[in-house]
1. Heavy atoms only, probe 1.4 Å: what % of the accessible area of the range 150-308 goes to carbon and sulfur, would you let me know?
2. Given the options G33, G146, G215, state which has the largest fluctuation in a GNM of the chain using a 10 Å cut-off (strictly under) for Cα springs.
3. If you filter the range 197-229 for chymotrypsin sites (Phe, Trp or Tyr not before Pro), then keep DSSP loop positions with at most 15 other Cβ within 10 Å, what is left?
4. Name the most mobile residue of L147, L70, L197, meaning the one with the largest mean-square fluctuation, in a Gaussian network model of the chain with Cα contacts below 10 Å.
5. Is it possible to state the helix-based mean residue ellipticity at 222 nm for the chain, with each DSSP H run of 4+ residues giving -39500 (n - 2.57), the sum divided by total residues, to the nearest 500 deg cm²/dmol? What is it?
6. Under DSSP H, which helices of the chain have Cα atoms covering 30 Å or more of the helix axis and a Kyte-Doolittle average no less than -1.0?
7. Tell me which lysines have Cα within less than 18 Å of K290's Cα, excluding those fewer than 8 residues away on the same chain?
8. Accessible area of R288, 1.4 Å probe, to the nearest 10 Å²?
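The values are calculated or read from the model by the stated rules, or taken from the named source; none is laboratory data. Only a predicted model underlies this, so the values are computations on that prediction, with no experimental measurement involved. Positions of Cβ are generated from backbone atoms using ideal geometry, with glycine treated the same way; all protein chains shown enter the neighbour counts. To get the accessible areas, we keep the full protein, side chains included, count just its heavy atoms, and leave off ligands, DNA and RNA. Shrake-Rupley method; radii C 1.70, N 1.55, O 1.52, S 1.80 Å.
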Amino acid sequence: MKILVAEDERISARQLKAVLTNWGYDVVVVSDGLAAWNILSGPDAPQLAILDWMMPGKDGVELCRDIRKLRQEPYTYIVLLTEKSTRQDVVEGMNAGADDYLAKPFDAQELEARLRAGLCVLSLMDEVIAGREQLRHQATHDLLTGLTNRRAVRESLTQELARAGREQTSMAVALIDVDHFKQVNDTYGHLAGDAVLTEVGSRMRARVRSYDSVGRYGGEEFLIVIPRCDIHTALDRLNSLREFIAESPVSSPEGPIPVTASIGVTSYGGELATPDSLIQQADIALYRAKRNGRNRVEIFTPAETLCST
Ligand code: GH3
Ligand code: MG
Ligand code: MG
Ligand code: MG
């Protein structure tokens, strides 16, 4: 465990370093508050810090305040080192965001006990953060395919649409629907159907760029948001994606399952549009792809809006 010691008195700093190294910590020592700030606010910062109260550059209490303002994760557990030990001083230090304090000259056993408490807090914090990340992942991803779910991919669409408007770039939105999927379930069973959906999802993910968003929009329907892309380029990419999906059957315990998908795509180029209107346009084009024989990509044309309403 890495630990930062910020202490401007040399003897005290040396003693701390010796004791902490002896306990197995990886100790970084600095002698002023600015150097401490640079380390604690930088990448790969130590999660444990012992900060002297009185130091040149930035005092320990100021440092506590500034670090807490960053609200960074993982959490930094801070022990203030102080000659000040009136109740009011302690309250001031804790109010600034210190987790604990230690009076100087320090007592090694007391320091050890306080650090043990600190390590306990850090490990609980890690668990809380990991749990929260897991919940966040579950709330934004589809369990079966591992793709983002409907809500999250719509959120990406909303953000990308706002960005395209701001930066005056074009973007494309596509809906992809697996063809005759009900027959897959009916012929091979629901589990094999699930395997097909998972494989189609990973084929899509393999073929889009890292800044495109792919999500499972409904049962066997997927939404792809393709930023900074005109309709012709989108058509090329989607056609090659469609070919890739159909190229080889999906292997399942029931045997190889042929799979194709139909795609409807629309583009945004600066006109008035909402996420819903773009999805509706892609859906109209998808419907035409189905009507025209499936396993194909169709582009939305504005005249169709009138027909569909
Ligand atoms: P089309 O080519 O017109 O799209 O025909 P289709 O059979 O694919 O379309 P339809 O909407 O009639 O059927 C879609 C089927 O997808 C019905 C539903 O049971 C199935 N489905 C939806 N979600 C899942 C899922 O998570 N797993 C499996 N195995 N099947 C699903
Ligand atoms: Mg000092
Ligand atoms: Mg379908
Ligand atoms: Mg469908």
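1. Values: 3990 of 7900 Å².
With neighbouring chains kept in place, the figure for the range 150-308 is 50 percent.
2. Of G33, G146, G215, the Gaussian network model singles out G33 as fluctuating most.
3. Filter output for the range 197-229: Y211.
4. Result: L70 has the largest fluctuation of those listed.
5. Details: 11 runs with 159 residues, N = 309.
The helix contribution divided over the chain gives -16500 deg cm²/dmol.
6. Helices meeting the criterion: 108-140.
7. Cα-Cα hits under 18 Å: K182.
8. 40
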